[in-house]
Amino acid sequence: MDFPKSLAAALYLLAGRFTDGDPINGVPASIDPASHMNAVTDELLNVIAGFGLVPDETKFDQVFKAIAGRIGSAGGLSFRNLLINAAGMINQRGYVSGAATTSANQYTIDRWRVVTSGQNLSWAASGAVNVMTAPAGGVEQVIEGVNVLGGTYVLNWVGTATAKVNGADVAKGGTVVLPANTNATLRLIGGTYSMPQLELGSVPTAFELRPFDKELTACQRYYEKSFPLATAPANAAGLFNYLPQQGAAGQMMVFGNFPFKVQKRNASSAVTLYNPVSNNAQARSLQANTDFTSTAANSITEYGFGVAATSPTGTIAGNSCALNWAADNEL
């Protein structure tokens, strides 16, 4: 978009711009051609329609509302991508690139699951993102309905993979209508992909690379563990949580509460406890150096869970129980 400088003489532009003219000094008024007025109007209409609004000649704030609705009236293009871990850099489960899955819809890197058992997700690093390779059966993410405003959304990615949203084919830069407050499923199939982005509107924007800590927090709403990010659950050593002593001689019983770092989406988390020494799914008495025979998570809510651990013999002195845990609340 620019002034019609190529027709400056014919339209009587002054210094490349429109003028009302100056009869005293012999400066004619500019001609305002239909082609230029149509071009200006089309530019504004493209902004309005591109951000999902319907142009209305009786309204005079639609350009502002279109832009503010995407970036906020204070500016900033943040959290417009509905996909979490779109860069593929967060891997709390310690999934190994190219490892065959053992069940259908098995989660691999955070928020992404391989649809078909026995297939795999693989990747190669490329700067601040990973370039993923989706299997023939696809890898998918279920988008929680509370994050879906509803309306027209546009999908874009880089690579050779194809895509479906809620089972319907969607091309690169293509749109799909999503109902409000309803889960949606994106599936990428049979090829490479990186920087996938599903956002409100009909025009794709540049990929949103969110800070790692913000992306990790978003992932932990669905899956969280107490041990280091680089450690797989089968090797859950290194982080001890201590439970206060309860019980008397011959009882060997402890219990305590463990808060989640991030509130889960509901109270249906599957909590697995890990012995930080043997990596078995049970707790350990540090001072007696023995496993408890009965250890289970209970009273699970979206905020945390409780643990009761018992053993038939012996006594426990002081802080005496150590365990690691993982909480799965995926869609």
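Placing dummy labels 7 Å off each Cα toward the beta-carbon, the span from Asn166 to Ala128 is 3.2 nm.
Under a cut-off of 20 Å between alpha-carbon atoms, report the lysines in cross-link reach of Lys172, not counting same-chain residues fewer than 8 places apart. Those lysines meeting the cut-off are Lys164. Which residues does the label zone of Ser117 cover in region 138-169, counting backbone N under 19 Å from a point 7 Å along Cα→Cβ? Output list for this probe position: 138-140. Classification of the chain by its C-alpha gyration tensor yields a prolate form. The axis ratio a/c (a ≥ b ≥ c) is 1.5 or more, and a/b outweighs b/c. Taking the accessible area of region 1-142, probe 1.4 Å, and keeping the other protein chains in place, the carbon and sulfur fraction comes to 58%. Per-residue accessible area (protein heavy atoms, 1.4 Å probe) orders Asp169, Asp20 as Asp20, Asp169, starting from the largest. Within the straight-line cut-off of under 19 Å between alpha carbons, the aspartates and glutamates reachable from Lys225 are Asp110, Asp213, Glu215, Glu302, Asp328, Glu330, sequence neighbours fewer than 8 places apart in one chain being disregarded. Positive-end ranking of Phe64, Phe260, Asn235 along the dipole of the chain, with charges on Cβ about the Cα centre, is headed by Asn235.
Projecting label points 7 angstrom from Cα along Cα→Cβ for Asn46 and Ala29 puts them 3.0 nm apart.
If the cut-off is 16 Å between C-alpha atoms, which aspartates and glutamates fall inside it for Lys5, apart from same-chain ones fewer than 8 positions away? Within the straight-line cut-off, Lys5 pairs with Asp32. Remark: the Asn235-Ser78 segment gains 52.9 nm on full extension, using 0.36 nm per residue and subtracting the alpha carbon distance.
Taken per residue, the accessible surface of the chain reaches 49 Å², heavy atoms only and a 1.4 Å probe.
Label-to-label distance for Phe207 and Val277 is 4.6 nm, based on points extended 7 Å past Cα in the beta-carbon direction.
The values are calculated or read from the model by the stated rules, or taken from the named source; none is laboratory data. Keep in mind it's a predicted model, so treat the numbers as computed, not measured. Cβ coordinates were reconstructed from backbone atoms using ideal geometry, including for glycine residues, and neighbour counts include every protein chain displayed. Remember, those area values only see protein heavy atoms, side chains included, never the ligands or the DNA or RNA. Shrake-Rupley method; radii C 1.70, N 1.55, O 1.52, S 1.80 Å.
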